[in-house]
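S.K.: Would you mind keeping the following structure in view while I ask a few things?
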């Protein structure tokens with residue numbers, strides 16, 4: 001997970017790795033990075049792997065969730081909601097659960113999205129031209145296998161992903177609150193020590 005606002009001056013981002021240990025998400029690694037270049041991320045992962053080897057730790061995660069995946073799901077949700085606004089269906093969205101149920105497609109496995117959309121949602125859709133326009137938009141842009149954004153890109157937003165997102169964002173929110181201004185200057189006396197201490201305070 002990444003935060004930019006409270007990264008120290010001279011760095012672009014605070015990059016953190018969190019692990020799921022005993023049913024808790026624990027921040028494990030903190031990296032101050034100067035940019036967002038691919039080679040920088042590779043170097044970080046290489047250093048982490050090397051450090052693990054030094055301590056006889058085998059780094060083989062069963063699954064990995066990154067900001068990119070989270071951003072995709074958030075972008076899809078926003079796109080669908082904007083289409084609902086565009087079609088003048090906001091009141092229906094607030095009062096009618098059918099529109100809300102379409103967002104549940106994101107929690108399905110990609111191979112199940114199309115059948116659920118056709119047999120469960122379309123079959124129960126209110127008889128309304130605007131609803132038809134909305135479902136046509138979803139089908140042509142997100143549901144069909146040849147669509148611009150097929151289900152394999154955005155589907156399967158599991159409960160685990162939601163929980164991971166919430167925990168990481170919560171950590172960074174608490175961490176950011178430790179500072180009175182954004183981009184603290186670690187070149188000042190004791191600022192780097194303070195930065196490290198506040199990281200530890202939030203971590204434990």
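The values are calculated or read from the model by the stated rules, or taken from the named source; none is laboratory data. None of these values were measured; they are calculated from a predicted model. We place every Cβ from the backbone using ideal geometry, glycine too, and count neighbours over all the protein chains shown.
S.K.: Can you tell me how many residues within segment 112-123 are without any contact (Cβ under 8 Å) to a residue 24 or more places away in the chain and under 17 Å from residue 146 (Cβ atoms)?
M.R.: Qualifying residue count for the region: 2.
S.K.: Of the conditions (1) outside any helix (DSSP H, G or I); (2) more than 18 Å from the chain's Cα centre (by Cα); (3) surrounded by 15 or more Cβ atoms within 10 Å (Cβ to Cβ), residue 35 fails just one. Which one is it?
M.R.: Residue 35 satisfies all of (1) outside any helix (DSSP H, G or I); (2) more than 18 Å from the chain's Cα centre (by Cα); (3) surrounded by 15 or more Cβ atoms within 10 Å (Cβ to Cβ) except (3).
Per-residue answers, yes or no, for (1) at pLDDT 85 or above; (2) at negative phi; (3) surrounded by fewer than 17 Cβ atoms within 10 Å (Cβ to Cβ); (4) out of contact with any helix residue (DSSP H, G or I) (no Cβ under 8 Å at 6 or more places or on another chain):
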site: 125; (1), (2), (3), (4): yes, yes, yes, no
site: 152; (1), (2), (3), (4): no, yes, yes, no
site: 161; (1), (2), (3), (4): no, yes, no, no
site: 166; (1), (2), (3), (4): no, yes, yes, yes
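S.K.: Oh, and also: For residue 78, are the conditions met, namely being at pLDDT 85 or above and in a helix (DSSP H, G or I)?
M.R.: Answer is yes for this residue.
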